[in-house]
Amino acid sequence: RNLVAIRDLKKTYRTEDGEKVALHDVNLDIAKCDIYGIIGLSGAGKSTLVRCINGLEQYDGGSVIVDGREIAVLPKHDLRTVRRSIGMIFQSFNLMPSRTVAGNVELALLDSGLDKNRRKSRVKELLKLVDLSEKADNYPNELSGGQKQRVAIARALANNPSVLLSDEATSALDPNTTKSILKLLKHLHDTLGLTIVIITHQMSVIKQICNRVAVIDRGTIVEEGRVFDIFANP
Ligand code: ADP
Ligand code: ADP
């Protein structure tokens, strides 16, 4: 069954000079174990779509269903549960500078119900998963961009999410670092059966890792299919 199902999604922003339609007639089906790319130019509606999927933005029409639950109509408690089932990584990493690498990852476990010892061993396990065990006691400003993103990936996976949502996560990284992060994501997909949604403006990212892709333009999906078919050279 589909892990993410989006039907006729519509989102309008109200501004001083009227209304701005950011999304209209968006339909998407993301299956379990997909590495699904969503690509579009700046202003196409990618961030708005991400915010509708993780419950940060109320939408005006249609539905967003993640792991069997509709996002927009949830009471606050259930929304928190859904957000825990969606791991997020960002272009800007969003790490806390005053906390160590291990401390940053542990933050995601604070309301997991695990006691201190179990949290520590889970953090160890997660850092090993992203190959960053030796940096556990370092601070974010002592890390390279790629290492920071690995910490963010470990944090995003802390609560065993059913989907990892990557919002321009490699956009600030050089091509080699991008390659190594995508290789890590592919490895996590292969070993954990993780479903990954990658939002990007970079075609090269889609080609390197995704099996399916949707092209978004001016608020709607204009093309969708297997990467192999969509980007096949005629
Ligand atoms: P992308 O992430 O692809 O760059 P966005 O989702 O940020 O696209 O934006 C989609 C459209 O919605 C753009 O035209 C943008 O100007 C507009 N938009 C985004 N956020 C707001 C907002 N808070 N208020 C008004 N318009 C917005
Ligand atoms: P608020 O207190 O306004 O509800 P949130 O808890 O929604 O704040 O978001 C706080 C921060 O966490 C924001 O920077 C947001 O982008 C980020 N965030 C939102 N959803 C997730 C998620 N599923 N995983 C990780 N970070 C998230």
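Just so it is clear, none of the values below were taken in a lab; they were calculated from the coordinates. Only a predicted model underlies this, so the values are computations on that prediction, with no experimental measurement involved. Neighbour counts run over all protein chains shown; Cβ positions are idealised from the backbone, glycine included.
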The strands (runs of 3 or more DSSP E) lying wholly within the range 28-112 that contain at least 2 residues that are within 16 Å of ligand 2 (Cβ to nearest atom) are 61-66, 86-90
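Out of the residues in the range 88-139 that are of a type in the set (Gly, Ala, Ser) and touching a Lys or Arg at 6+ places or on another chain (Cβ under 9 Å), which is nearest to ligand 1 (Cβ to nearest atom)? If you could, list the steps in order and put the result at the bottom.
Within the range 88-139, the subset of a type in the set (Gly, Ala, Ser) is 92, 98, 102-103, 108, 112-113, 121, 133, 136.
Narrowing further to those that are touching a Lys or Arg at 6+ places or on another chain (Cβ under 9 Å): 102, 108, 112, 133, 136.
Working: 102: 32, 108: 25, 112: 31, 133: 34, 136: 34 Å.
Once the filter is applied, the top-ranked residue is 108.
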Residues of the range 163-183 being over 13 Å from residue 88 (Cβ atoms), buried (at least 18 other Cβ atoms within 10 Å of the Cβ) and more than 16 Å from ligand 1 (Cβ to nearest atom), in sequence order, are 173, 178, 181, 182
Only one of (1) farther than 25 Å from residue 182 by Cβ; (2) surrounded by 13 or more Cβ atoms within 10 Å (Cβ to Cβ); (3) more than 16 Å from ligand 1 (Cβ to nearest atom) does not apply to residue 76, and that is (2)
Listed by first then second residue, the pairs whose first member lies in the range 36-49 and is within 23 Å of residue 162 (Cβ to Cβ), whose partner is in a loop (DSSP other than H, G, I, E, B) and within 16 Å of ligand 2 (Cβ to nearest atom), with beta carbons under 7 Å and at least 6 positions apart or on separate chains, are 48/57
Subset of the range 8-64, residues more than 15 Å from ligand 1 (Cβ to nearest atom) and of a type in the set (D, E, K, R), comes to 8, 29, 32, 34
In the range 159-183, anything touching a residue at least 40 places away in the same chain (Cβ under 8 Å), in contact with a helix residue (DSSP H, G or I) (Cβ under 7 Å, 6 or more places away or on another chain) and hydrophobic (A, V, I, L, M, F, W, C) is listed as 164, 165, 169, 172
